[in-house]
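Here's the structure we're looking at; comments come further down.
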Amino acid sequence: MRPSPWLTLRQADDALANGRPGDAHQLVAPLLEERHRKALQLASSIAVAYVAAGEKTLRGDDPETAWSHLVAAESLNASEPRAISLRQALMRLALAECRAAMEAGHPLHVIETVARLRNYQAFHPDFDSLEQAAQEWVLGQEMADRGDFLLASGTVERVRPRLGNIPATGLDRFLEYLHNRHEIYRNAVAELGDARDAKDWNVAAEWAAKVVAVAPAHREARNLQVRAWEQVQPQTMPYMPPPESRGSHAGSNSKRFLLWIDGVGGYLVCLAPRVTFGQAIAEAPIDIPLLADVSRLHAEISRDGEGFVLESNRGVLVNSTPITRTALKPGDRVTLGATCQFVFHQPVAISPSARLELVSGHRLHVAVDGVLLMAETLLLGPAGQSHVIVPWLKTPIVLYRSKEGIGVRIAGEFRVDAKMELNRAILPLPSVVTSEQLHFAVEPVSARL
């Protein structure tokens, strides 16, 4: 039985008097829908309490919570003068934050901040201008990662007139960084081309690694790197693990490794039943470090017998719904922070392994195309029922876990580095696998990832 309006209003008054405007709001919401006169009068008082809470959290340097209180207040009384003043103060603070981020050379932070502000219906011409400048900057970064340094420099230079009176300290530093990378890139690409033409694969492997170091998304260099690895012994590869782990097998003593598939892309493979997401900073030992405006430890996914569970108390949406803990379903779109998104896939019914597809443009330090959460097996195949789709494969290739490490099953003969294998083999780190259908490489995760 529904309580009487009198009792509901009495309970709402008590909640408001005890500093709980959210509870008061929830109590009177049904009465507000009915346009109950006394509930409408109380709504103004609840709005004032929301604004007071927002002002307090803003003084406590918590603008996100202040915005939440403000939005709640405006839903009850948008013309409340203190709400208008709080919105103006939050807008000024956000504008100062964006300008400081541009000066420091953090354009992604600007893009994500402006996107978050739009959720609060916060619009300002300066936000649009700063967002456009930040987008140009990020576009330049992506061009440089592909090896298009001249285009990148020209694109980033277009940011300068958009800065207005913001010091170009970070911009100048980034352009100098681009120039230095370009110098390394030009020399390395020329040497790589000469080594390729001469079929000197030892030298080609070394120069390909140098190209990839300054242009991690350069596809041709990565393809040449894999091709060179096929021709040389493991000890001449461009990356070698430290002495204490040299010769170890993939997954035998590591929670992660990188998988590079020629003509398809790269993946970070996570083996632990629990993986963490957070900001890509040196002091945060995160499994999936993101170049995004997220917390140092923003969320985690755990795998158990029932599936995958996502947990966070740092601001996570699943299909636009805020969550703190939920079981993930195939196709779920997860948003970390304001704008960093990935889609959760479990394409193989008989395997609990999963794939995370990065869909918002945010990246890890290494230019991978996605993250694989590996349980017992990973299936590389031609159809949708594969963790990694390789359209031209005639028969699937399986990566599997064993006591010795990560193994591979391929029908018939294939090579692991220079050694011929039949049907299956254990993969050392690093190694290159070559078959008639496909060649791919596995390598350790470097310290920067």
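Only protein heavy atoms count here; on that basis, with a 1.4 Å probe, Met374 has an accessible area of about 0 Å². Counting only Cβ charges, +1 for Lys and Arg and -1 for Asp and Glu, the dipole size of the chain around its Cα centre is about 780 debye.
Looking at region 344-436, the GluC sites (Glu not before Pro) that sit in a DSSP loop and have at most 16 other Cβ atoms within 10 Å of their own Cβ are Glu376, Glu404, Glu436. If you line up the long axis of helix 125-145 against the longest principal axis of the chain, both from Cα atoms, how many degrees apart are they, to the nearest 10? Roughly 10 degrees between the two axes.
Helix 63-76 axis versus longest C-alpha principal axis of the chain: approximately 50°, rounded to the nearest ten. A straight line joining the Cα centroids of region 388-438 and region 103-174 runs 43 Å. What net charge do the residues around Leu356 carry, taking every other residue with its C-beta under 12 Å from that of Leu356, with Lys and Arg at +1 and Asp and Glu at -1? My count for the surroundings of Leu356 gives -2. Our estimate of slack between Asp304 and Glu64, defined as 0.36 nm per intervening residue step minus the Cα-Cα distance, is 83.1 nm. For the chain, the longest principal axis of the C-alpha atoms and the axis of helix 107-119 are separated by about 40°. Here the spin labels are modelled as points 7 Å beyond Cα on the Cα-Cβ line, and at Ile323 and Asp197 they lie 5.5 nm apart. Excluding same-chain residues fewer than 8 positions from Lys255, which lysines have a Cα within less than 29 Å of its Cα? List returned: Lys210, Lys329, Lys403, Lys419.
Diffusion coefficient (Stokes-Einstein, Kirkwood radius over C-alpha pairs, 10 °C, 1.306 mPa s) for region 291-340: 142 µm²/s, rounded to a whole number. Over the residues of the chain, the helix contribution to mean residue ellipticity at 222 nm works out to -14000 deg cm²/dmol, using -39500 (n - 2.57) for each DSSP H run of at least 4.
By the Kirkwood approach, averaging reciprocal distances over each pair of separate Cα atoms, region 163-213 gets a hydrodynamic radius of 12.5 Å.
Seen from every direction in turn and averaged, the convex hull around the alpha carbons of region 1-65 projects onto 4.7 nm².
The values are calculated or read from the model by the stated rules, or taken from the named source; none is laboratory data. What you are looking at is a predicted structure, and each value in this text was computed from that prediction instead of being measured. Cβ coordinates were reconstructed from backbone atoms using ideal geometry, including for glycine residues, and neighbour counts include every protein chain displayed. Heads up: the accessible areas ignore ligands, DNA and RNA and are worked out on the full protein's heavy atoms, side chains in. Shrake-Rupley method; radii C 1.70, N 1.55, O 1.52, S 1.80 Å.
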